[in-house]
Amino acid sequence: MTVYILHSEKLSRFYTGFTTDLEVRLKFHENAEQRKFTYNADDWEIYHTIICQSKAQALKIEKHIKRMKSKIYIQNLKKHPEINSKLLIKYKDC
């Protein structure tokens with residue numbers, strides 16, 4: 001499982017999700033007919049990923065990131081890898 005964060009320079013926004021297959025999920029986001037939130041821009045790029053041990057762990061981490069509602073927090077995830085480690089430990093036994 002992978003928690004992923006996409007970034008759109010055009011919208012200056014982030015999108016957070018989780019998937020079992022990142023390549024397939026990215027193709028989904030590229031398909032204008034299927035996507036909803038990501039439909040508003042065509043420049044989404046992978047900003048950050050976190051590899052998780054289970055679906056439950058990935059869901060908890062995704063929810064945690066979304067609950068923070070902060071671009072700075074997301075930027076810090078990339079800037080400070082120890083935050084990722086702490087999240088993986090915190091939600092290890094989900």
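Assorted remarks:
- Which numbered condition Thr38 misses (of (1) modelled with pLDDT of 80 or more; (2) touching a strand residue (DSSP E or B) at 6+ places or on another chain (Cβ under 8 Å); (3) among the polar types (S, T, N, Q)): (1)
- Test result for Lys86, touching a strand residue (DSSP E or B) at 6+ places or on another chain (Cβ under 9 Å), of a type in the set (Lys, Arg) and modelled with pLDDT of 95 or more: no
- Output for the stretch 65-94, where each listed residue is of a type in the set (D, E, K, R), in a helix (DSSP H, G or I) and under 24 Å from Leu11 (Cβ atoms): Lys66, Arg67, Lys71, Lys78, Lys79
A quick yes/no check of all residues on (1) touching a helix residue (DSSP H, G or I) at 6+ places or on another chain (Cβ under 7 Å); (2) in a strand (DSSP E or B):
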| position | (1), (2) |
| --- | --- |
| Tyr15 | yes, yes |
| Phe18 | yes, yes |
| Leu26 | no, no |
| Thr38 | yes, no |
| Asp42 | no, no |
| Ile46 | no, yes |
| Gln53 | no, no |
| Leu59 | no, no |
| Lys63 | no, no |
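- For Leu6: the one exception among (1) surrounded by 11 or more Cβ atoms within 10 Å (Cβ to Cβ); (2) out of contact with any Leu (no Cβ under 9 Å at 6 or more places or on another chain): (2)
The values are calculated or read from the model by the stated rules, or taken from the named source; none is laboratory data. Quantities reported herein were computed from a predicted structural model and do not represent experimental measurements. All Cβ positions, glycine included, derive from the backbone under ideal geometry; neighbour counts span all protein chains shown.
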